[in-house]
Amino acid sequence: MDFIYSQVERILDKHGSRDPFVLLKGLGAVLVYSNEYGRGGLMGYSTILNRIMYAVINEKLPDAEKRIVAGHEAGHLVLHQDIILSSPIKAMQDFRLYDSSSRYEREANLFLADFLLGDDSVMDVITQDGINYIEAASALYVPPPLLAFKLFSMSKRDFKGLNYFDLDSRFLAKRDFDGEGYSNR
């Protein structure tokens, strides 16, 4: 079984929720909303100071995007504690979501996708006749790039009915969720 997926399963068993805010609380992380950054600036970051985990989220983001950023930062706190502690800046900073060019960002996004979206829920939606990719993401209440990460995770685990595909970091980096829809930035 995939390491990230197994970590998500362990966390779901322990915390019993797919809500990233419940997860952060369950991890003992302090959630901070910051007004220091503009709408197009830093989306969030995670850090560990004096053995206390923090997830900082840009207050100016739409609520739907705050939820995504919270899950992404939780992914860093679960998967990358050693990296955060050994980094010179002691933080994992995120200016863009759905980045797959960095190993750590890719892993946090895969964690987020597996955490927010159950395999069965995804299969129920994507196997509907006539549904396209954008409609499937909308039906699952997630941005299309996040669905791409989930489908990638499922295909890596040889999920029945899915052919393998890779994440195109250029596509994912160009598209952002703006809380209302999707826009090329």
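Quick check: anything in segment 27-37 modelled with pLDDT of 90 or more, aromatic (Phe, Trp, Tyr), farther than 25 Å from residue 159 by Cβ and not in a loop (DSSP other than H, G, I, E, B)?
Yes, segment 27-37 contains a residue that is modelled with pLDDT of 90 or more, aromatic (Phe, Trp, Tyr), farther than 25 Å from residue 159 by Cβ and not in a loop (DSSP other than H, G, I, E, B).
May I ask you to verify whether residue 9 is at pLDDT below 95, of a type in the set (Asp, Glu) and over 21 Å from residue 86 (Cβ atoms)? Step through it out loud before you land on a result.
Numbers: at pLDDT below 95: no; of a type in the set (Asp, Glu): yes; over 21 Å from residue 86 (Cβ atoms): yes.
So residue 9 does not fit the description; no.
I'd like to verify a number: residues in segment 19-53 that are within 16 Å of residue 63 (Cα to Cα) and of a type in the set (D, E, K, R), how many?
Qualifying residue count for the region: 2.
Taking residue 74 as the residue in question, decide whether it is closer than 28 Å to residue 118 by Cβ and not in a helix (DSSP H, G or I).
Values: closer than 28 Å to residue 118 by Cβ: yes; not in a helix (DSSP H, G or I): no.
No, not satisfied.
Of the residues that sit in segment 67-126 and are at pLDDT 85 or above and of a type in the set (Phe, Trp, Tyr), which one is surrounded by the fewest Cβ atoms within 10 Å (Cβ to Cβ)?
Top of the filtered list is 104.
Select from segment 38-51 the residues that are within 16 Å of the chain's Cα centre (by Cα) and either in a loop (DSSP other than H, G, I, E, B) or basic (Lys, Arg) (or both) and list them in ascending order.
Let us first name the residues in segment 38-51 that are within 16 Å of the chain's Cα centre (by Cα), namely 42-46.
Selection gives 42, 43.
Among the residues in segment 159-182, are any under 17 Å from residue 62 (Cα atoms), surrounded by fewer than 12 Cβ atoms within 10 Å (Cβ to Cβ) and either charged (D, E, K, R) or at pLDDT below 85 (or both)?
First, pick out the residues of segment 159-182 that are under 17 Å from residue 62 (Cα atoms): 175-182.
Now restrict to residues that are surrounded by fewer than 12 Cβ atoms within 10 Å (Cβ to Cβ): 180-181.
Those left that are additionally either charged (D, E, K, R) or at pLDDT below 85 (or both): 180-181.
Taking every residue of segment 159-182 in turn, at least one turns out to be under 17 Å from residue 62 (Cα atoms), surrounded by fewer than 12 Cβ atoms within 10 Å (Cβ to Cβ) and either charged (D, E, K, R) or at pLDDT below 85 (or both).
Just give me the residues in segment 40-79 being in contact with a strand residue (DSSP E or B) (Cβ under 8 Å, 6 or more places away or on another chain), free of Cβ contacts under 8 Å to residues at least 40 places away in the same chain and of a type in the set (D, E, K, R), in sequence order.
Selection gives 59, 66.
The values are calculated or read from the model by the stated rules, or taken from the named source; none is laboratory data. These figures come from a predicted structure and were not determined experimentally. All Cβ positions, even for glycine, are placed from backbone atoms using ideal geometry, and neighbour counts span all protein chains on display.
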